[in-house]
Amino acid sequence: MRTANPTHSLTAEEKLLGMDQRITRRDFCNAGLLAAGAILLETAAPLRLLARNEPWDGYGGVGDYATSHGNTADVVRAAHQIRDGLFDNPPAGAIDTGEVFDCVVIGGGMSGLSAAYHFKKANESATCLVIENHPIFGGESKQNEFIVRGQRLIGPQGANEFDIPIDPKEDGYELYRELGVPRSFSYQNWDAQLGRLDFDRTNYGFQIWLDSPSFGFFFDSPWSASKAAKKSEPRPLGSGPSDPAMQGPLAYARGSESFHPSAGRWIKDLWGKRLQDSPYPEKIRSDFLTWRFGTERRERPGDFERWLDSMTYKDYLEKFLRLDPAVTGYADPIMAAAVGLGCDVISAYAAYQIGMPGFQCFSKQPARPLPPDEVPSHTWHMFPGGNTGFARYFVKALIPAAISGRHTLEDILNGRVNFGALDLRGRDMRIRLGATAVRVEHEGTPERARQVNVTYTRYGKIYRLKARGVVMAGGGWSTRRVVRDLPDEYQNAYRQFHHSPMLVVNVAVTQWRFLFKLGITAARWFKGFGFSCNLRRQMLVGRYRPRLHPDLPNVVTFYVPFYYPGLDIAEQGARGQTELLSTSYREYERQIRKQMLLLFARSGFDPRRDIAGIILNRWGHAFVDPQPGFYFGRDGQAAPRDIIRRPFGRIAFAHSELVGHQYWLGAIGEGRRAATQLLS
């Protein structure tokens, strides 16, 4: 499917970038309001745009997820109503459904589906309802789908990457067995006759945890003028005057003040060559190598993890290891893409938890990022749509008829969702989509209540039902407003939770020979839109078998964090959310096209010809930002997450953010704990 860009008065630059071409895209005119539901609870800046009544939810791809890419307009409207106090008093006109469930789970993401699964596993005859505010289950574990030149292509909307537990004692081992998740997978073949090229299976590994000459680094800062540096400079492809890449977009780019593709240099195998071709001075190179490969051993402080949680990662790098701030600056977007914000506000324990460099001084094992072809077969996997696969496994286990086909990997990932089977009256397990919980409160005092009243909105109407127990598995930013009788202790704990947004962009390209000419499959840069992108070697699942070849379509994925070093942690999150909300689709499209032209014009990239579709996934509260003290508390006080983990009357809390570093097995564990608390 290809849709035309609505007519705008395009500048010469926008025409160069191909914004007048017919592609699969979505357009917000001037609104750009694909926002994260409860952002409007915190951020006032975009509210003036709500009155414009402009199309928020345009093209979102094909398939089951076409109407649910990122957060949706209906969620924003409902959150706006909560913020404005519309539900501060029980609404008199609420429709009583007459339903009473043993368990109601608020939130159909990974932790919510886990809570429902473990509740039903412990009591098969119990009744359970999942209330999910988006058009489809999964939370941030959803996917985008394109059709390009007859080829179906899939990219992640958010969460991706998983490991296969191999030890029966490992977390998740038994769950994989119960759900029937395979322990081995097939991936696209790469024709060795085309030359050696490594691919990350995920959209994260190449950033720091894997290493390969196929990962490129684009430097646009001034280069050393020494003869040695000049001699080692890689010669950019397409630099000859007769090269076809010099015609069209690159020729225009050279004459435009907005584009300077010739000002930068690509370096491959940056870390393998120990930064010898980089523009960094020798002292900074030495600090980078200490950070990444240092072998000096240090005595491990007592209560090591709590010690790390007493400082930011920036303080750990610059004050403890005494590394140059350039190292911190390099790590900032990697941290932000994995944990939410940069090194200056995030706990050093969070960096340690996700395997950031710099901690090998406390380990007996030398630091060595693995090449992709050396990664053990049980680690670093990714379903075509990211962790979408696990959400679908849970739903298939809970409601077998909800996804067509058998209980196999092929059918669970490729089968269509039977939306009509999700919420059938009389069934003991149900999932209600498009429903936003606005009031949750005990019927009577929490200590003596036998039931909880749950009020929600759906399709413009207000409903009320009852539950014997409730699991709050949405985000803490909304839970603290929706649970109306929440004690001060919980409210104070929630005030210590800070959140930041993430923009995930999937760009469908008609071919990727521009990357092949550079000899890379993943890119990192230091100025402009985002900081990295890559294309994956995709998992092959049943009839989903796209071919991997430079002249065939593929998906280039950007994970774009929002971080502002030097600002207060709360201010950084609010500023990022405002930027995400107030930037139009058209402006993001322009930035994406411009960045790709700057990076790849010399190797033949033409945005007018090569871009087939763009989908934005805006997640306004993608991450909790674990500041120092988040994990173990400060000044003798309990960690805020430990307070929230305590059940309150007949309500338990299962936020994935309670883990700090949000990952799918952590979310599963929070859901399992909350379900167990209700059962007991």
Scan region 365-380 and report the pairs whose first residue is at pLDDT 75 or above and part of a loop (DSSP other than H, G, I, E, B) and whose second residue is small (Gly, Ala, Ser) and surrounded by fewer than 14 Cβ atoms within 10 Å (Cβ to Cβ), with Cβ atoms within less than 8 Å and a gap of 6+ or a chain change.
SER377/SER184
Could you grab me the full set of residues in region 656-680 that are within 23 Å of GLN451 (Cβ to Cβ) and either in contact (Cβ under 8 Å) with a residue 12 or more places away in the chain or among the aliphatic types (A, V, I, L, M) (or both)?
GLY671, ARG673, ALA674, ALA675, THR676, GLN677, LEU678, LEU679
For region 578-599, give me each residue that is open to solvent by 10 Å² or more (accessible area, probe 1.4 Å) and touching a helix residue (DSSP H, G or I) at 6+ places or on another chain (Cβ under 7 Å).
THR578, SER582, ARG590, LEU598
Output the residues belonging to region 600-633 that are open to solvent by 10 Å² or more (accessible area, probe 1.4 Å) and among the acidic types (Asp, Glu).
ASP606
Every residue from region 424-465 that is among the charged types (D, E, K, R) and part of a loop (DSSP other than H, G, I, E, B)
ARG425, ARG427, ASP428, GLU443, GLU447, ARG448, ARG450
Quick check: is even one residue across region 634-642 open to solvent by less than 10 Å² (accessible area, probe 1.4 Å), touching a strand residue (DSSP E or B) at 6+ places or on another chain (Cβ under 8 Å) and not in a loop (DSSP other than H, G, I, E, B)?
no
Need a quick list: strands (runs of 3 or more DSSP E) entirely within region 478-596 having at least 3 residues that are touching a Gly at 6+ places or on another chain (Cβ under 8 Å) and farther than 14 Å from LEU616 by Cβ.
522-525
Of LEU341, LEU275, which residue is crowded, with 16+ Cβ neighbours inside 10 Å, touching a Lys or Arg at 6+ places or on another chain (Cβ under 7 Å) and in a loop (DSSP other than H, G, I, E, B)?
LEU275
Is it the case that GLY138 is modelled with pLDDT of 95 or more, crowded, with 23+ Cβ neighbours inside 10 Å and farther than 30 Å from ASP102 by Cβ?
no
For LEU317: the one exception among (1) surrounded by 18 or more Cβ atoms within 10 Å (Cβ to Cβ); (2) among the aliphatic types (A, V, I, L, M); (3) out of contact with any Leu (no Cβ under 7 Å at 6 or more places or on another chain):
(3)
Of the residues that make up region 194-216, is at least one under 18 Å from the mean Cα position of the chain (by Cα), among the charged types (D, E, K, R) and at pLDDT 90 or above?
yes
Please specify each residue of region 352-385 satisfying the condition of being of a type in the set (Gly, Ala, Ser) and either touching a Lys or Arg at 6+ places or on another chain (Cβ under 8 Å) or closer than 18 Å to LEU665 by Cα (or both).
GLY355, ALA367, GLY385
Quickly run through region 287-314 and pick out the residues that are open to solvent by 50 Å² or more (accessible area, probe 1.4 Å), of a type outside the set (S, T, N, Q) and touching an Asp or Glu at 6+ places or on another chain (Cβ under 9 Å).
LYS314
What about GLY358, is it open to solvent by less than 30 Å² (accessible area, probe 1.4 Å), in a loop (DSSP other than H, G, I, E, B), within 18 Å of GLN627 (Cα to Cα) and in contact (Cβ under 8 Å) with a residue 60 or more places away in the chain?
no
Residue selected from region 160-193 under the condition modelled with pLDDT of 95 or more and among the small types (Gly, Ala, Ser), by the criterion farthest from ASN534 (Cα to Cα):
GLY180
Pick from region 152-179 the residues that are open to solvent by less than 40 Å² (accessible area, probe 1.4 Å) and in a loop (DSSP other than H, G, I, E, B): which of them is farthest from ARG545 (Cα to Cα)?
GLY172
Members of region 603-633 found to be of a type in the set (D, E, K, R) and in contact with a Leu (Cβ under 6 Å, 6 or more places away or on another chain), listed by number:
ARG618, ASP625
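The values are calculated or read from the model by the stated rules, or taken from the named source; none is laboratory data. Small disclaimer: the values here were computed from a predicted structure and weren't measured. Heads up, the Cβs are rebuilt from the backbone with ideal geometry, glycines too, and the neighbour counts pull from every protein chain shown. Heads up: the accessible areas ignore ligands, DNA and RNA and are worked out on the full protein's heavy atoms, side chains in. Shrake-Rupley method; radii C 1.70, N 1.55, O 1.52, S 1.80 Å.
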